[in-house]
Amino acid sequence: MNYPFDLGRFLIRPGRVLCGLAYYLRLEPDALALVICESTKHKIVPLYFTSSPVPYGDEVLILTFLDVTDSDIPIEQFVSKLAATGMVRALKIIEPVATGLIIDTVSHPIMAGRNRAIIFRDLAYRGFITGIKKQFGSGGEAFLYYEGIEAGLGFGKLHVEAAEAVGLKDPVEVFKRVSTAMIQWAGFGRLETLELGPSGGRIAVYDSFECEAGRGEGRPCGAFLKGVIVGVLGSIFGKDFQAEEKECIAMNQPRCVFEITEK
(Lines give C-alpha, C1' and ligand atoms only; values in the text may rest on other atoms or scores of the structure.)
Protein backbone atom coordinates (compact mmCIF):
# COMPACT_ATOMS: atom_id res chain seq x y z
CA MET A 1 0.00 0.00 0.00
CA ASN A 2 1.26 3.47 -0.86
CA TYR A 3 0.84 6.65 1.14
CA PRO A 4 1.13 10.27 -0.06
CA PHE A 5 4.13 12.11 1.36
CA ASP A 6 4.10 15.87 1.85
CA LEU A 7 7.49 17.43 1.06
CA GLY A 8 6.42 20.30 3.26
CA ARG A 9 8.98 22.93 4.24
CA PHE A 10 6.16 25.41 4.73
CA LEU A 11 3.29 25.49 7.20
CA ILE A 12 0.07 27.50 7.52
CA ARG A 13 -1.37 27.69 11.05
CA PRO A 14 -3.56 30.82 11.30
CA GLY A 15 -3.37 32.49 14.68
CA ARG A 16 -0.40 30.46 15.93
CA VAL A 17 3.09 31.73 16.67
CA LEU A 18 5.52 29.75 14.56
CA CYS A 19 9.28 29.68 14.14
CA GLY A 20 11.80 27.41 12.52
CA LEU A 21 15.22 26.17 13.45
CA ALA A 22 18.06 24.73 11.39
CA TYR A 23 20.70 22.95 13.46
CA TYR A 24 23.23 20.16 13.54
CA LEU A 25 22.34 17.18 15.75
CA ARG A 26 24.99 14.78 17.02
CA LEU A 27 24.69 11.19 15.82
CA GLU A 28 24.08 9.81 19.30
CA PRO A 29 21.27 7.40 20.37
CA ASP A 30 19.76 9.81 22.90
CA ALA A 31 20.32 13.09 21.01
CA LEU A 32 16.84 13.42 19.52
CA ALA A 33 15.20 12.35 22.78
CA LEU A 34 16.95 15.21 24.59
CA VAL A 35 15.67 17.72 22.03
CA ILE A 36 12.10 16.44 22.36
CA CYS A 37 12.35 16.42 26.15
CA GLU A 38 13.50 20.05 26.18
CA SER A 39 10.64 21.00 23.82
CA THR A 40 8.08 19.31 26.06
CA LYS A 41 9.47 21.01 29.17
CA HIS A 42 8.85 24.45 27.65
CA LYS A 43 5.51 23.71 25.90
CA ILE A 44 7.03 23.94 22.43
CA VAL A 45 5.33 21.74 19.84
CA PRO A 46 7.39 20.39 16.91
CA LEU A 47 5.07 20.54 13.87
CA TYR A 48 7.56 19.52 11.21
CA PHE A 49 10.87 17.70 11.37
CA THR A 50 13.20 16.54 8.61
CA SER A 51 16.86 15.70 8.28
CA SER A 52 19.35 15.64 5.45
CA PRO A 53 20.59 12.04 5.04
CA VAL A 54 24.20 13.11 4.46
CA PRO A 55 26.13 13.18 7.77
CA TYR A 56 28.46 16.08 8.47
CA GLY A 57 31.14 14.16 10.34
CA ASP A 58 29.44 13.05 13.57
CA GLU A 59 26.43 15.36 13.02
CA VAL A 60 23.35 15.47 10.80
CA LEU A 61 21.52 18.56 9.54
CA ILE A 62 18.01 19.06 10.95
CA LEU A 63 15.21 21.40 9.87
CA THR A 64 12.25 21.82 12.20
CA PHE A 65 9.19 24.08 12.48
CA LEU A 66 7.90 24.79 15.97
CA ASP A 67 4.67 26.11 17.46
CA VAL A 68 5.86 28.42 20.25
CA THR A 69 2.48 30.00 21.00
CA ASP A 70 2.40 28.63 24.57
CA SER A 71 6.14 28.55 25.18
CA ASP A 72 7.34 29.90 28.52
CA ILE A 73 10.72 31.09 27.18
CA PRO A 74 11.92 33.05 24.12
CA ILE A 75 13.17 30.98 21.21
CA GLU A 76 16.73 32.28 21.69
CA GLN A 77 16.77 30.93 25.24
CA PHE A 78 15.35 27.62 24.04
CA VAL A 79 18.15 27.35 21.49
CA SER A 80 20.69 28.03 24.24
CA LYS A 81 19.21 25.23 26.33
CA LEU A 82 19.46 22.85 23.38
CA ALA A 83 23.10 23.80 22.88
CA ALA A 84 23.74 23.16 26.57
CA THR A 85 22.83 19.48 26.09
CA GLY A 86 25.97 19.10 23.98
CA MET A 87 23.90 17.42 21.28
CA VAL A 88 22.87 20.48 19.24
CA ARG A 89 24.79 23.10 17.31
CA ALA A 90 22.33 25.74 16.15
CA LEU A 91 22.70 27.32 12.71
CA LYS A 92 19.79 29.68 12.21
CA ILE A 93 16.43 30.64 13.67
CA ILE A 94 13.85 30.94 10.87
CA GLU A 95 11.34 33.71 11.39
CA PRO A 96 7.78 33.38 10.03
CA VAL A 97 6.98 35.41 6.93
CA ALA A 98 3.71 36.37 8.62
CA THR A 99 1.84 35.33 11.75
CA GLY A 100 0.78 31.74 11.21
CA LEU A 101 2.84 31.24 8.04
CA ILE A 102 6.39 29.89 7.97
CA ILE A 103 8.47 28.91 4.94
CA ASP A 104 11.91 27.33 4.81
CA THR A 105 14.10 30.20 3.59
CA VAL A 106 17.35 28.56 4.69
CA SER A 107 17.68 25.41 2.60
CA HIS A 108 19.13 26.30 -0.78
CA PRO A 109 19.70 24.74 -3.20
CA ILE A 110 17.46 21.70 -2.77
CA MET A 111 19.44 18.53 -3.43
CA ALA A 112 18.46 14.98 -4.35
CA GLY A 113 21.62 13.08 -3.56
CA ARG A 114 24.42 14.91 -5.37
CA ASN A 115 22.04 16.59 -7.81
CA ARG A 116 20.16 19.86 -7.59
CA ALA A 117 16.37 19.51 -7.61
CA ILE A 118 13.34 21.78 -7.91
CA ILE A 119 9.74 21.29 -6.83
CA PHE A 120 7.05 21.53 -9.52
CA ARG A 121 3.52 21.30 -8.13
CA ASP A 122 0.66 19.99 -10.26
CA LEU A 123 -0.70 23.50 -10.79
CA ALA A 124 2.52 24.23 -12.69
CA TYR A 125 3.41 21.00 -14.48
CA ARG A 126 -0.12 20.29 -15.68
CA GLY A 127 -0.33 23.70 -17.30
CA PHE A 128 3.15 23.26 -18.76
CA ILE A 129 2.46 19.87 -20.32
CA THR A 130 -1.11 20.48 -21.50
CA GLY A 131 -0.08 23.90 -22.80
CA ILE A 132 2.61 22.42 -25.05
CA LYS A 133 0.16 19.83 -26.38
CA LYS A 134 -2.57 22.40 -27.03
CA GLN A 135 -0.29 24.95 -28.64
CA PHE A 136 1.67 22.57 -30.87
CA GLY A 137 -0.51 19.48 -31.23
CA SER A 138 1.34 16.37 -32.41
CA GLY A 139 4.51 18.46 -32.68
CA GLY A 140 4.20 19.30 -29.00
CA GLU A 141 3.78 15.64 -28.10
CA ALA A 142 6.86 14.76 -30.15
CA PHE A 143 8.79 17.50 -28.35
CA LEU A 144 7.75 16.12 -24.93
CA TYR A 145 8.68 12.59 -26.01
CA TYR A 146 12.20 13.50 -27.09
CA GLU A 147 12.74 15.73 -24.07
CA GLY A 148 11.61 12.78 -21.95
CA ILE A 149 14.23 10.59 -23.61
CA GLU A 150 16.96 13.11 -22.77
CA ALA A 151 15.79 13.26 -19.17
CA GLY A 152 15.56 9.47 -19.00
CA LEU A 153 19.11 9.02 -20.27
CA GLY A 154 20.32 11.17 -17.38
CA PHE A 155 18.14 9.37 -14.85
CA GLY A 156 19.33 5.99 -16.13
CA LYS A 157 22.96 6.96 -15.61
CA LEU A 158 22.24 7.80 -11.98
CA HIS A 159 20.33 4.53 -11.53
CA VAL A 160 23.26 2.51 -12.89
CA GLU A 161 25.68 4.32 -10.56
CA ALA A 162 23.49 3.59 -7.55
CA ALA A 163 23.05 -0.05 -8.58
CA GLU A 164 26.75 -0.62 -9.15
CA ALA A 165 27.53 0.84 -5.73
CA VAL A 166 25.57 -2.04 -4.15
CA GLY A 167 26.68 -4.75 -6.58
CA LEU A 168 23.70 -4.81 -8.97
CA LYS A 169 24.88 -5.17 -12.58
CA ASP A 170 22.25 -7.10 -14.54
CA PRO A 171 20.34 -4.48 -16.62
CA VAL A 172 16.96 -6.11 -16.07
CA GLU A 173 17.49 -6.18 -12.29
CA VAL A 174 18.77 -2.59 -12.32
CA PHE A 175 15.55 -1.41 -13.95
CA LYS A 176 13.22 -3.62 -11.90
CA ARG A 177 14.80 -2.85 -8.55
CA VAL A 178 16.32 0.62 -8.87
CA SER A 179 14.70 2.50 -11.76
CA THR A 180 11.10 1.64 -10.90
CA ALA A 181 11.69 2.74 -7.30
CA MET A 182 13.51 5.93 -8.28
CA ILE A 183 10.88 6.96 -10.85
CA GLN A 184 8.20 6.49 -8.19
CA TRP A 185 10.40 8.39 -5.69
CA ALA A 186 10.46 11.33 -8.15
CA GLY A 187 6.64 11.37 -8.21
CA PHE A 188 6.17 10.36 -11.87
CA GLY A 189 4.02 7.32 -11.10
CA ARG A 190 4.17 3.80 -9.72
CA LEU A 191 5.87 1.40 -12.15
CA GLU A 192 5.39 -2.33 -12.62
CA THR A 193 7.62 -4.39 -14.92
CA LEU A 194 5.29 -6.75 -16.79
CA GLU A 195 7.95 -8.07 -19.16
CA LEU A 196 11.53 -6.98 -19.78
CA GLY A 197 14.52 -8.28 -21.70
CA PRO A 198 17.39 -7.01 -23.85
CA SER A 199 15.01 -6.40 -26.78
CA GLY A 200 12.26 -4.61 -24.88
CA GLY A 201 9.18 -5.45 -22.88
CA ARG A 202 6.04 -4.02 -21.30
CA ILE A 203 6.00 -1.50 -18.47
CA ALA A 204 2.85 -0.53 -16.56
CA VAL A 205 2.51 2.84 -14.83
CA TYR A 206 -0.13 3.56 -12.22
CA ASP A 207 -1.16 7.13 -11.34
CA SER A 208 0.95 8.73 -14.07
CA PHE A 209 1.44 12.41 -13.20
CA GLU A 210 1.24 13.28 -16.92
CA CYS A 211 -1.78 11.21 -17.94
CA GLU A 212 -3.78 12.30 -14.89
CA ALA A 213 -4.10 15.70 -16.53
CA GLY A 214 -5.55 14.12 -19.68
CA ARG A 215 -8.29 12.03 -18.10
CA GLY A 216 -11.29 11.76 -20.39
CA GLU A 217 -9.42 12.68 -23.60
CA GLY A 218 -9.93 9.17 -24.96
CA ARG A 219 -6.38 8.77 -26.30
CA PRO A 220 -2.90 8.05 -24.90
CA CYS A 221 -1.42 11.10 -23.16
CA GLY A 222 1.92 9.86 -21.80
CA ALA A 223 4.35 11.37 -24.30
CA PHE A 224 6.89 12.67 -21.78
CA LEU A 225 6.78 9.65 -19.46
CA LYS A 226 7.04 7.34 -22.45
CA GLY A 227 10.24 9.15 -23.39
CA VAL A 228 11.58 8.92 -19.84
CA ILE A 229 11.12 5.13 -19.79
CA VAL A 230 12.75 4.78 -23.22
CA GLY A 231 15.68 6.94 -22.10
CA VAL A 232 16.18 5.09 -18.81
CA LEU A 233 16.16 1.71 -20.56
CA GLY A 234 18.50 3.02 -23.25
CA SER A 235 20.95 4.21 -20.62
CA ILE A 236 20.83 0.94 -18.68
CA PHE A 237 21.02 -1.44 -21.65
CA GLY A 238 23.28 0.74 -23.81
CA LYS A 239 21.01 0.59 -26.88
CA ASP A 240 18.16 2.51 -28.53
CA PHE A 241 14.54 1.68 -27.80
CA GLN A 242 11.19 3.03 -28.91
CA ALA A 243 7.79 2.81 -27.21
CA GLU A 244 4.06 2.85 -27.82
CA GLU A 245 1.44 3.52 -25.18
CA LYS A 246 -1.10 0.70 -25.42
CA GLU A 247 -3.24 1.56 -22.39
CA CYS A 248 -3.79 4.90 -20.69
CA ILE A 249 -5.81 6.27 -17.78
CA ALA A 250 -6.81 9.11 -20.13
CA MET A 251 -8.74 6.40 -22.02
CA ASN A 252 -10.57 5.44 -18.80
CA GLN A 253 -8.33 2.41 -18.27
CA PRO A 254 -6.94 1.53 -14.84
CA ARG A 255 -3.29 2.02 -15.77
CA CYS A 256 -0.93 3.10 -18.52
CA VAL A 257 1.01 0.37 -20.35
CA PHE A 258 4.02 1.09 -22.57
CA GLU A 259 5.23 -1.49 -25.05
CA ILE A 260 8.99 -1.13 -25.53
CA THR A 261 10.84 -2.44 -28.58
CA GLU A 262 14.44 -2.18 -29.70
CA LYS A 263 15.05 0.15 -32.60
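The values are calculated or read from the model by the stated rules, or taken from the named source; none is laboratory data. This structure is a prediction, so every number in the text was calculated from the model and none was measured. Positions of Cβ are generated from backbone atoms using ideal geometry, with glycine treated the same way; all protein chains shown enter the neighbour counts.
Please work out if SER235 is in the same structural domain as GLY140 (by TED's automatic domain parsing), in contact with a strand residue (DSSP E or B) (Cβ under 9 Å, 6 or more places away or on another chain) and polar (S, T, N, Q).
no
Of the conditions (1) farther than 20 Å from PHE143 by Cβ; (2) surrounded by 20 or more Cβ atoms within 10 Å (Cβ to Cβ); (3) modelled with pLDDT under 95, GLY218 satisfies every one except a single condition; which number is it?
Single failed check for GLY218: (2).
For the subset of the range 100-150 comprising residues that are buried (at least 17 other Cβ atoms within 10 Å of the Cβ) and among the small types (Gly, Ala, Ser), which member is farthest from TYR23 (Cα to Cα)?
GLY140
Quick one: ARG89 ticks every box in (1) out of contact with any Asp or Glu (no Cβ under 8 Å at 6 or more places or on another chain); (2) at pLDDT below 95 bar one, so which box is it?
The number of the failed condition is (1).
Please work out which one of (1) in contact (Cβ under 8 Å) with a residue 60 or more places away in the chain; (2) more than 21 Å from the chain's Cα centre (by Cα); (3) assigned to a loop (DSSP other than H, G, I, E, B) is the condition LEU25 fails and give its number.
The single condition LEU25 does not satisfy is (3).
Which residues, counting only those in the range 206-238, are touching an Asp or Glu at 6+ places or on another chain (Cβ under 6 Å) and basic (Lys, Arg)?
Of everything in the range 206-238, just one residue is touching an Asp or Glu at 6+ places or on another chain (Cβ under 6 Å) and basic (Lys, Arg), namely LYS226.
List the pairs whose first member sits in the range 59-79 and is closer than 20 Å to SER107 by Cβ, whose second member is assigned to a helix (DSSP H, G or I), and whose Cβ atoms are under 8 Å apart, counting only residues at least 6 apart or on separate chains?
LEU66/SER39; LEU66/ILE75
Any chance you could count how many residues in the range 106-139 are touching a residue at least 60 places away in the same chain (Cβ under 8 Å), of a type outside the set (A, V, I, L, M, F, W, C) and assigned to a helix (DSSP H, G or I)?
The total comes to 5.
Which count do you get for residues in the range 161-182 that are out of contact with any helix residue (DSSP H, G or I) (no Cβ under 6 Å at 6 or more places or on another chain), assigned to a helix (DSSP H, G or I) and within 19 Å of GLY200 (Cβ to Cβ)?
5
What's the number of the only condition in (1) more than 30 Å from GLN184 (Cα to Cα); (2) among the acidic types (Asp, Glu); (3) surrounded by 17 or more Cβ atoms within 10 Å (Cβ to Cβ) that ASP30 fails to meet?
Only one criterion is unmet by ASP30, namely (3).
Looking at the structure I just gave you, is ASP6 outside any strand (DSSP E or B) and in contact with a His (Cβ under 8 Å, 6 or more places away or on another chain)?
Against the criterion (outside any strand (DSSP E or B) and in contact with a His (Cβ under 8 Å, 6 or more places away or on another chain)), ASP6 does not qualify.
Could you check the range 204-215 and list, in sequence order, the residues that are buried (at least 24 other Cβ atoms within 10 Å of the Cβ), assigned to a helix (DSSP H, G or I) and not charged (D, E, K, R)?
Matches in the range 204-215: CYS211 only.
Report whether or not GLU210 is within 19 Å of GLU150 (Cβ to Cβ) and among the acidic types (Asp, Glu).
When the stated conditions are applied, GLU210 passes them.
Select from the range 175-203 the residues that are surrounded by fewer than 18 Cβ atoms within 10 Å (Cβ to Cβ), closer than 14 Å to ILE260 by Cα and in contact with an Asp or Glu (Cβ under 7 Å, 6 or more places away or on another chain) and list them in ascending order.
SER199, ARG202 - these are the residues of the range 175-203 that are surrounded by fewer than 18 Cβ atoms within 10 Å (Cβ to Cβ), closer than 14 Å to ILE260 by Cα and in contact with an Asp or Glu (Cβ under 7 Å, 6 or more places away or on another chain).
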